[in-house]
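Throughout, read-outs are computed from the coordinates displayed, never taken from laboratory work. Bear in mind that the values here come from a model prediction, so they are computed numbers and not experimental data. Here the Cβ positions follow ideal geometry from the backbone for every residue, glycine too, while neighbour counts run over all protein chains shown.
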Amino acid sequence: MRMTTDEKYMRAALKQAEKAYNLGETPIGCVIVHEDKIIARGYNRRNTDKNPLAHAEVAAIKKASKKLGDWRLEECTLYVTLEPCQMCAGAIVQSRIPRVVVGCMNPKAGCTGSILNLLDIQAFNHQADLTTGVLEEECSQLMKQFFRELREARKMKKKAEAQSL
Ligand SMILES: [Zn+2]
């Protein structure tokens, strides 16, 4: 089966998410594409860096701006495995990214369609096109696997603690 361009880049974002997963971080990954090339990558490092701002999208936006020598990312597309939060959706608006592609949605925290859509507020000076559901199944499976393992690890820990009493 032939992969679409969006799937190809989402696959690269998933690879970034796996890096987070391997660090024990919630597996979220992001890539930014400019002129058909990946110019920046990022993954969630919130626990590792002990930094609430260390989201995948923010890391990738920082790198892309540095690479292009401009805070405006006007010809870029951002791919992210999970629907962006309010901070990252805000950073997307701030960096003038015109197109965002999302893997799976985040009903409890997503701000590009779930709770609200910060990319489509006409009162702001910038809106972004949004495509959702690209490799949705893979993106959500990775999240589910992570949280399943986290729950199991917590259960084991509780059990071990109870036995040592
Ligand atoms: Zn975020």
Problem - Whether the stretch 1-73 is rounded, prolate or oblate, judged on the alpha carbon gyration tensor where a/c under 1.5 counts as rounded - result: oblate
Fill in the blank from the handout: For the stretch 112-129, in residue order, the Karplus 3J(HN,Hα) values (coefficients 6.51, -1.76, 1.60; θ = phi - 60°; whole Hz; Gly and Pro = x) are 10, x, 6, 7, 7, 10, 5, 7, 9, 10, 5, 5, 6, 7, 8, 10, 10, 6
Fill in the blank from the handout: If each part is reduced to its alpha-carbon centroid, the stretch 133-151 and the stretch 53-103 end up apart, in Å, by 22
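In what order do 138, 35, 83 fall by count of nearby beta-carbon atoms within 10 Å, going from fewest to most? Mind dumping the intermediate values first?
Numbers: 138 17, 35 7, 83 26.
Ascending Cβ contact count within 10 Å gives the list 35, 138, 83.
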Practice task
Return the long-range amide H neighbours of residue 115 (sequence gap of 5 or more, or a different chain), with a cut-off of under 5 Å between placed amide H atoms.
Solution key: 110
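Ranking 72, 148 by Cβ neighbours within 10 Å, fewest first, what do you get? Show your work: numbers first, answer last.
Working: 72 13, 148 10.
Result, fewest neighbours first: 148, 72.
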Practice task
For every helix of n ≥ 4 consecutive DSSP H residues, a contribution of -39,500 (n - 2.57) applies; sum these over the chain, divide by its total residues, and give [θ] at 222 nm rounded to the nearest 500 deg cm²/dmol.
Solution key: -14000 deg cm²/dmol
Fill in the blank from the handout: The answer for residue 85, listing residues at least 5 apart or on another chain whose modeled amide H is closer than 5 Å to its amide H, is 111
Completion exercise
The long-range amide H neighbours of residue 130, using H built 1.01 Å from N in the peptide plane and a cut-off of under 5 Å, are 100
Exercise for the section: Give, in nm to one decimal, the length gained when the segment between residue 48 and residue 161 is fully stretched (0.36 nm per residue of separation minus the Cα-Cα distance). Expected result: 38.1 nm
Practice task
Quick one: net charge around residue 134, please, counting Lys, Arg +1 and Asp, Glu -1 for every other residue with C-beta under 14 Å from its C-beta.
Solution key: -4
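First measure r as the distance between the Cβ atoms of residue 148 and residue 70, then evaluate 1/(1 + (r/R0)^6) with R0 = 30 Å and state the FRET efficiency to the nearest 0.05.
On the way: r = 41 Å, r/R0 = 1.38.
After rounding, the FRET efficiency stands at 0.15.
When the gyration tensor of the chain is built from Cα positions, what are the square roots of 5 times its three eigenvalues, in whole Å, from largest to smallest?
Values: eigenvalues 180, 55, 48 Å².
Listed largest to smallest, the semi-axes of the chain are 30, 17, 16 Å.
What relative contact order, as a whole-number percentage, does the stretch 3-162 give when Cα pairs under 8 Å and 6 or more residues apart are counted? Numbers along the way, then the final one.
Working: 314 pairs, mean separation 29.1, N = 160.
Value for the stretch 3-162: 18 percent.
Going down the list 19/144; 8/37; 37/108, which pairs span over 21 Å between their C-alpha atoms?
On the way: 19/144 16 Å; 8/37 11 Å; 37/108 32 Å.
In this structure, 37/108 lie more than 21 Å apart at Cα.
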